[in-house]
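> I have a structure here, written as structure tokens, and I will follow up with some questions on it.
The values are calculated or read from the model by the stated rules, or taken from the named source; none is laboratory data. Quick caveat: nothing in here was measured; it's all calculated off a predicted structure. Counting neighbours? That spans all protein chains shown, and the Cβs are built from the backbone with ideal geometry, glycine included. Please note that ligands, DNA and RNA were not included when accessible areas were found on the heavy atoms of the full protein model with its side chains. Shrake-Rupley method; radii C 1.70, N 1.55, O 1.52, S 1.80 Å.
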Amino acid sequence: MGSRGLKKTLKRTFRRPELAIGVDVGGTSVRAGVVDDQGSLLDTTRVGTPGGEGALEDAIAGVVEELRNRHEVTAVGLAVAGFVGTDRRSVMFAPHLAWRAAPVADRIAKRVGLPVTLEHDANSATLAEHRFGAARGSKVAALIALGTGIGAGLLLDGQIYRGAHGVGPELGHLTVVPGGRPCPCGKYGCWERYCSGTALAATAVELLARNPGRSTVLARETAGDPGSVTGRRVAGAARDGDPVAQRAMAELAKWLGEGLALVADVFDPEIMVIGGGVSESAPLFLDEAREHYATAITGAGHRPLARIRTAHLGDDTAIVGAATLAREAAATPGPRVGVPG
């Protein structure tokens, strides 16, 4: 090999990886991370999600600037829990966030001085799991992200499905209990009101009210204050053997299985990936959810079942996916989304 060929080989071997920032903007927290082109998360930071558009955009700009001070990055990707417009520049509606018909990509790009790409958080997570995780190689896959609510992403024929107007699929807002618990989306009885971190806490509060003497760990930790009951606390109490917390976890498992059966009836995926913060407690509910799914699906016993796996990238899937989309958009010739003017 000549000197020129050796130089090219060394350049490819020792090239500096291209880094981008992914920001997962959820109803509870704004989490950001620096991601390389192999899907590895190199650095992270987070803040609580504030109310109001201005405060929320301040928080996003703040976590981006914090990471930029430590890394050289090329672009920013925002993964948002809400309806993203077909141009992927604006947030039309977000049940747990302040934005309404807001040009978010342009605003954030102007603040941070980098190209910004906007995507639904579950679509970002689905892309990440398809590129680097549990759904790798799958042509038809669904991702169900259990967090404050339910985010959902679909991969059909290897491509992210966004629907005709960019808002599909909002599986978390399928009605599973007509006239049931109120949802911030304006409906009642949505799937996410019975199967999410918020739902886990709500179920535990209801069970504590009906059976005040049955709980041990959970009642002691919350000291009778329903407002202090969180999904994380319920999961911890379930691990410690608290009967009320375990019953609440069993309810979540039942509703997860019921919802997965609905998804499978419509889309017939090869794999359904369970992500989001609640997936960290999967050993407490996933086997039971699988069993319920297998009996609730139409044609049970006479058709193949989708594999049900937890996200390989854990709670960081949306961050990795958003950063990957942003890096690729910034490297694509032609007009770019959210480029500061």
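> Can you go through P178, P169, P212, P184 and tell me which one is of a type outside the set (A, V, I, L, M), within 20 Å of G82 (Cα to Cα) and without any contact (Cβ under 8 Å) to a residue 24 or more places away in the chain?
Details: P178 fails: within 20 Å of G82 (Cα to Cα); P212 fails: within 20 Å of G82 (Cα to Cα); P184 fails: without any contact (Cβ under 8 Å) to a residue 24 or more places away in the chain.
Selected residue: P169, the only one of P178, P169, P212, P184 that is of a type outside the set (A, V, I, L, M), within 20 Å of G82 (Cα to Cα) and without any contact (Cβ under 8 Å) to a residue 24 or more places away in the chain.
> So how many residues does the range 214-230 have that are more than 15 Å from Q246 (Cα to Cα), small (G, A, S) and part of a loop (DSSP other than H, G, I, E, B)?
Looking only at that region, the number is 2.
> Also, I was wondering about something else. Restrict the check to the range 187-203 and report whether at least one residue is assigned to a loop (DSSP other than H, G, I, E, B), open to solvent by less than 20 Å² (accessible area, probe 1.4 Å) and in contact with a Cys (Cβ under 7 Å, 6 or more places away or on another chain).
Taking every residue of the range 187-203 in turn, none turns out to be assigned to a loop (DSSP other than H, G, I, E, B), open to solvent by less than 20 Å² (accessible area, probe 1.4 Å) and in contact with a Cys (Cβ under 7 Å, 6 or more places away or on another chain).
> Related question: In the range 262-289, which residues are within 20 Å of the chain's Cα centre (by Cα), assigned to a helix (DSSP H, G or I) and not β-branched (V, I, T)?
L262, A264, F267, G277, S279, E280, S281, A282, P283, L284, L286, A289 - these are the residues of the range 262-289 that are within 20 Å of the chain's Cα centre (by Cα), assigned to a helix (DSSP H, G or I) and not β-branched (V, I, T).
> Residues of the range 97-148 being farther than 21 Å from E328 by Cα and in contact with a Pro (Cβ under 6 Å, 6 or more places away or on another chain), which ones?
If the condition is that a residue be farther than 21 Å from E328 by Cα and in contact with a Pro (Cβ under 6 Å, 6 or more places away or on another chain), then V140, A141, A142 are the ones that fit.
> Something else: All but one of (1) of a type in the set (D, E, K, R); (2) crowded, with 24+ Cβ neighbours inside 10 Å; (3) in contact with a Lys or Arg (Cβ under 7 Å, 6 or more places away or on another chain) hold for E129; state the number of the condition that does not hold.
All conditions pass for E129, except number (3).
> Is there a residue in the range 298-306 that is touching a residue at least 24 places away in the same chain (Cβ under 8 Å) and assigned to a helix (DSSP H, G or I)? Give the derivation first.
Within the range 298-306, the first condition is being touching a residue at least 24 places away in the same chain (Cβ under 8 Å), and the residues that meet it are 298, 305-306.
Imposing the further condition that a residue be assigned to a helix (DSSP H, G or I) reduces the set to none.
Within the range 298-306 (the criterion being touching a residue at least 24 places away in the same chain (Cβ under 8 Å) and assigned to a helix (DSSP H, G or I)), the answer is no, since none of the residues qualifies.
> Now, a different point. Could you check the range 265-283 and list, in sequence order, the residues that are out of contact with any Ser or Thr (no Cβ under 6 Å at 6 or more places or on another chain) and surrounded by fewer than 22 Cβ atoms within 10 Å (Cβ to Cβ)?
Filtering the range 265-283 for residues out of contact with any Ser or Thr (no Cβ under 6 Å at 6 or more places or on another chain) gives 266-269, 272-273, 276-278, 280-281, 283.
V266, F267, D268, G277, E280, S281, P283, listed by residue number.
> Could you tell me which residue of the range 155-166 is most open to solvent (accessible area, probe 1.4 Å), considering only residues that are under 16 Å from V266 (Cβ atoms) and outside any loop (DSSP other than H, G, I, E, B)?
By that ranking, first place goes to L156.
> Of all strands (runs of 3 or more DSSP E) completely enclosed by the range 27-109, which ones contain at least 2 residues that are touching a Leu at 6+ places or on another chain (Cβ under 7 Å), open to solvent by less than 10 Å² (accessible area, probe 1.4 Å) and under 23 Å from A152 (Cβ atoms)? Steps first, answer last, please.
Numbers: elements: 29-35, 41-48, 76-80, 91-93, 100-102.
Passing ranges, in order: 29-35, 76-80.
Residues are listed down the side, and each one gets a yes or a no for (1) surrounded by fewer than 23 Cβ atoms within 10 Å (Cβ to Cβ); (2) part of a loop (DSSP other than H, G, I, E, B); (3) under 17 Å from the mean Cα position of the chain (by Cα):
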position	(1), (2), (3)
I144	no, no, yes
T148	no, yes, yes
G153	no, no, yes
G179	yes, yes, no
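> Quickly run through the range 313-341 and pick out the residues that are modelled with pLDDT of 95 or more and either of a type in the set (S, T, Y) or not in a helix (DSSP H, G or I) (or both).
Residue satisfying the conditions is T324 alone.
> Does any residue of the range 317-325 turn out to be in contact with a helix residue (DSSP H, G or I) (Cβ under 6 Å, 6 or more places away or on another chain), within 19 Å of A122 (Cβ to Cβ), among the small types (G, A, S) and open to solvent by 20 Å² or more (accessible area, probe 1.4 Å)?
no
> Next question, about the same structure. Could you check, for the range 124-137, whether at least one of its residues is part of a strand (DSSP E or B), over 20 Å from G197 (Cβ atoms) and modelled with pLDDT of 90 or more?
At the first step, the residues of the range 124-137 found to be part of a strand (DSSP E or B) are none.
No, the range 124-137 has no match at all.
> Count, please, the residues in the range 90-114 that happen to be without any contact (Cβ under 8 Å) to a residue 12 or more places away in the chain and hydroxyl-bearing (S, T, Y).
0
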